[in-house]
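FYI, it's all coordinate maths here, none of it is from the lab. Worth saying up front: this structure is predicted, and the values here are computed from it rather than measured. So basically every Cβ, Gly included, is an ideal-geometry build from the backbone, and we count neighbours across all protein chains shown.
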Amino acid sequence: MARSPRNSHDHRRSKKPSHSERDSRDRGHRLAEGARAPQPTPAGNYGRELRQLLAGIGAPKPAPFKPDPFQVEALAALEFEDVLVTAPTGSGKTWIAREEIRRLLAGGKRAWYTTPLKALTNSKYQEFSDEFGAANVGILTGDRKENSNAPLIVGTTEIFRNQLFDALRGGEDVRADLAVLDEAHYLADEERGHVWEEAIILTPPRIRLLLLSATIGNADEFAAWIAEVRGVHCGVVRRPGARPVPLRAAFLMPDKRLVPLLNDKGKLSSEVMKLTEQDQQERQRGPVGRGRRQRW
């Protein structure tokens, strides 16, 4: 039987692929090309610099705690006098306060721990609650007032100063045997320094003062002034040497790459500098289309 011309033509013609088949084939080609294409590599020595920046970062191996000599010295001095501790950040100044507070609480005594920032106060409140039990710790800030009769009160320096004023006006005693002034260098702050000055002057001599700071250059002069206004000798305990936990600065680029903030010479890295210059140029040009709709 003769085949019709139409059927003969369909038989010779190759079948046209469907849309889904074409899409699948195109995706396969793209994936294959992507697999063969070389991956972009960071420009310059970005890889080496970042490896150097991150080298050695990690959790230290567990080891028995051993206090530094300056920590032991400060604790011993607190038995007889006020103490100003000046040591780099991360040296363990808070450990001194914590151990002295532990000794006082064990003897049925009370303590105040002040900080200049509400966020830091909240952090110390949580830390001490975990250490000594929530029932033994209270917090007083402009926003929070919890367990105010606890033997250990954590609060901002302003609140402590206010309690000293109230006690002076009312002829009452502040219920504390130790007052810790964290970040004591705020005494030099132009706007808030008077708060620390007033707190030091108004604290009764029977209350031991422990002042902690990382950035006091004239510690001896500061301690001499404290002794003069309080009538109690103030010793100075220093931790020599550099910061035990060095800082490492990095910058997250707009393309999600992490690059060192500084180069080997201590100046801004080339990539960060370039980004900064671009930002300054855009600021100088001003916003596009100010006062009218931007057209694309």
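So how far apart, in nm, are the two label points at Ala188 and Ile201 if each is 7 Å from Cα heading toward Cβ?
In this crude spin-label approximation the distance works out to 2.1 nm.
Could you work out how far apart the two model spin labels at Arg238 and Met273 are, taking each label as a point 7 Å from the Cα in the direction of the beta carbon, and quote it in nm?
3.6
Report the extension gain between Leu50 and Lys145 in nm, rounded to one decimal, defined as 0.36 nm multiplied by the number of residues separating them, less their alpha carbon distance.
29.6 nm
Would you grab the residues whose amide H sits under 5 Å from the one on Tyr113? Only those 5+ places off in sequence or on another chain, please, with H modelled 1.01 Å from N.
For Tyr113, the qualifying residues are Ile153, Val154, Gly155, Val180.
Once amide H atoms are placed 1.01 Å from N in the peptide plane, what residues at a sequence separation of 5 or more from Ser269, or on another chain, have their amide H within under 5 Å of its amide H?
For Ser269, the qualifying residues are Leu262, Asn263.
With each label point set 7 Å from Cα along the Cα-Cβ vector, what nm distance links Gln280 and Leu261?
1.8
Within a Cβ distance under 12 Å of Leu275, other residues only, what is the Lys/Arg minus Asp/Glu net charge?
-3
What's the exposure ranking of His185, His194, going from fewest to most Cβ atoms within 10 Å?
If I rank by nearby Cβ atoms, fewest first, I get His194, His185.
Would you kindly derive the ³J(HN,Hα) couplings of the range 153-162 from the backbone phi angles with the Karplus curve 6.51 cos²θ - 1.76 cosθ + 1.60 (θ = phi - 60°), listing them in order in whole Hz, with x for Gly and Pro?
Values, residue by residue: 10, 10, x, 6, 5, 4, 5, 4, 4, 5 Hz.
Once phi is turned into θ = phi - 60°, what whole-Hz ³J(HN,Hα) does the Karplus curve with 6.51, -1.76 and 1.60 give for every residue of the range 141-146, x standing for Gly and Pro?
For the range 141-146, the Karplus-derived couplings read 9, x, 10, 10, 9, 9 Hz, x marking Gly and Pro.
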